[in-house]
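A.B. asks: I am attaching a structure below and will ask some questions about it afterwards.
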Amino acid sequence: MTNGTINDMEAKRSRGKLFTRPEKPREISITDRNVAHLKHLSRLRLCSTAQLAALDGGSSQKVERALLGLWENGYIERPESQVTSRRKEKGSRPLIYGLSRKGASYLRSHGFEVTRPLLDGIDKHKAAGWRFIEHSVGISGFFVQLELATRSQQGLRILERAEIFTDAPTPVRRVRLEARIPINGSSRRCTVIPDGFFGLRFAAAGEESYFMYEKDRGEMPVTRFRTQYGTYVAKKLHIYLEASRQRKHVNELGIPNFRVLIETTTRERVVQMIEALEELTSGRGSNLFLFIDEATLAGSDPLNARWVSGKRNHVRLVD
């Protein structure tokens, strides 16, 4: 079956049955490629066909065929909120997939780790709103870029979750940091949950670095908020700063260091964030944070791109 044939078939199904599995799915055998797709979805949550094809590194036609077989047999899901977006944006767009409960169970039964929050909430993806899906796929895009960039770097690898939290005082189900910060003249306990978390091991130096990743869509206020409970960028920065000062990452996550990577929409917004950080730190800024805009990152990769530190210096993650 040619790639064009697959796309034509899917286009015909999109008129009403693109998200309805056939009564008689095609027969498949779970190959190493299929297992790799399931593992990627377990780790990244939601991915487009283009992202999964990039990670696969082989023929996009074979990837599409493999995903179609996995979906028809219930190992992966197609979030139904794609229907509206595909109707609004005429033309083809990559399908988005998430791991189903059946796919998660398969991985666990074969010794692969599936995090509990993902396994428990897997079926909710079918009803997830498009904005949530779009944001999740954007986060996955960063981690796809990161993995592809790491493959070309000798002596550098991404650490597995189990490796990172070996020394954690208690089991870590979800990365989160909590701290008290002043809001409207009173101290409030606030929590920040990064959009992503990863570690890098530099073999030559015998060192490990840890990063919390935030994908900012440009919709959140930088320094203002509508209510005292609202979220804004400066509030997140303050929580990270205070949690780092109190060494929450050591005492709760068992990691010796971390930096916060913030990808945002424009260079102008990067400047606004750094100015907000300087206001929080009496003009000093902080190297805890590295900022980048989407266009700059798209022209490179997460490891070699020129991030801007909270002290306005240019930094690469591999330096």
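The values are calculated or read from the model by the stated rules, or taken from the named source; none is laboratory data. Computed from a predicted structure; not experimentally measured. Using ideal geometry, Cβ is built from the backbone for each residue, glycine included, and neighbour counts are taken over all protein chains shown.
A.B. asks: Give the residues of the range 297-319 that are in contact (Cβ under 8 Å) with a residue 12 or more places away in the chain and assigned to a helix (DSSP H, G or I), sorted by residue number.
C.D. replies: Residue satisfying the conditions is Leu297 alone.
Residue by residue, here is whether (1) of a type in the set (Gly, Ala, Ser); (2) within 25 Å of Leu55 (Cβ to Cβ); (3) buried (at least 17 other Cβ atoms within 10 Å of the Cβ) holds:
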{"position": "Leu177", "(1), (2), (3)": "no, no, yes"}
{"position": "Gly185", "(1), (2), (3)": "yes, no, no"}
{"position": "Thr191", "(1), (2), (3)": "no, no, no"}
{"position": "Tyr210", "(1), (2), (3)": "no, yes, yes"}
{"position": "Tyr213", "(1), (2), (3)": "no, yes, yes"}
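A.B. asks: Checking Tyr97 against (1) closer than 26 Å to Ala298 by Cα; (2) at pLDDT below 90; (3) buried (at least 19 other Cβ atoms within 10 Å of the Cβ), which single condition isn't satisfied?
C.D. replies: (2)
For (1) part of a loop (DSSP other than H, G, I, E, B); (2) within 22 Å of His135 (Cα to Cα); (3) out of contact with any Leu (no Cβ under 6 Å at 6 or more places or on another chain); (4) of a type outside the set (Asp, Glu), each residue gets a yes or a no:
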{"site": "Glu219", "(1), (2), (3), (4)": "yes, yes, yes, no"}
{"site": "Leu261", "(1), (2), (3), (4)": "no, yes, no, yes"}
{"site": "Ile274", "(1), (2), (3), (4)": "no, no, yes, yes"}
{"site": "Ala295", "(1), (2), (3), (4)": "no, yes, yes, yes"}
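A.B. asks: A follow-up question, please. So in the range 134-156, with the set limited to residues that are part of a helix (DSSP H, G or I) and small (Gly, Ala, Ser), which one is surrounded by the fewest Cβ atoms within 10 Å (Cβ to Cβ)?
C.D. replies: Here is the first cut: in the range 134-156, the residues part of a helix (DSSP H, G or I) are 134-151.
In the following step, the residues that additionally are small (Gly, Ala, Ser) were identified as 136, 138, 140-141, 149.
Working: Ser136: 21, Gly138: 15, Ser140: 24, Gly141: 21, Ala149: 19.
Among them, the one singled out is Gly138.
A.B. asks: Now, a different point. Quick one: how many residues across the range 46-79 are among the basic types (Lys, Arg) and under 19 Å from Ile139 (Cα atoms)?
C.D. replies: 1
A.B. asks: Which of (1) out of contact with any Gly (no Cβ under 7 Å at 6 or more places or on another chain); (2) in contact (Cβ under 8 Å) with a residue 60 or more places away in the chain; (3) of a type outside the set (D, E, K, R) does Ala205 not meet, given it meets every other one?
C.D. replies: (2)
A.B. asks: Pairs only if they're at least six apart or on different chains, beta carbon under 8 angstrom, first in the range 131-152 and of a type in the set (D, E, K, R), second surrounded by 19 or more Cβ atoms within 10 Å (Cβ to Cβ); list them, first residue then second.
C.D. replies: Qualifying pairs under 8 Å: Glu147/Leu55.
A.B. asks: Answer yes or no as to whether Ser286 is among the hydroxyl-bearing types (Ser, Thr, Tyr), within 22 Å of Val192 (Cβ to Cβ) and not in a helix (DSSP H, G or I).
C.D. replies: When the stated conditions are applied, Ser286 passes them.
A.B. asks: Being among the small types (Gly, Ala, Ser) and touching a helix residue (DSSP H, G or I) at 6+ places or on another chain (Cβ under 8 Å) is the filter; apply it to the range 296-319 and report the residue that is surrounded by the fewest Cβ atoms within 10 Å (Cβ to Cβ).
C.D. replies: Selected residue: Ala305.
A.B. asks: Sticking with this one: Quick check on this structure: which one of Phe198, Phe211 is out of contact with any helix residue (DSSP H, G or I) (no Cβ under 8 Å at 6 or more places or on another chain), of a type outside the set (Val, Ile, Thr), under 19 Å from Gln145 (Cβ atoms) and part of a strand (DSSP E or B)?
C.D. replies: Going through Phe198, Phe211 in turn, just one is out of contact with any helix residue (DSSP H, G or I) (no Cβ under 8 Å at 6 or more places or on another chain), of a type outside the set (Val, Ile, Thr), under 19 Å from Gln145 (Cβ atoms) and part of a strand (DSSP E or B): Phe211.
A.B. asks: Confirm whether Arg86 is surrounded by fewer than 15 Cβ atoms within 10 Å (Cβ to Cβ) and at pLDDT below 95.
C.D. replies: Numbers: surrounded by fewer than 15 Cβ atoms within 10 Å (Cβ to Cβ): no; at pLDDT below 95: yes.
Here the answer is no, as Arg86 does not meet what is asked.
A.B. asks: If only one of Phe198, Phe258, Phe165 is surrounded by 18 or more Cβ atoms within 10 Å (Cβ to Cβ) and at pLDDT below 95, which one is it?
C.D. replies: The conditions single out Phe165.
A.B. asks: Return the residues of the range 31-71 that are more than 22 Å from Trp130 (Cα to Cα), assigned to a helix (DSSP H, G or I) and of a type in the set (S, T, N, Q); say none if nothing qualifies.
C.D. replies: Asn34, Ser60, Gln61
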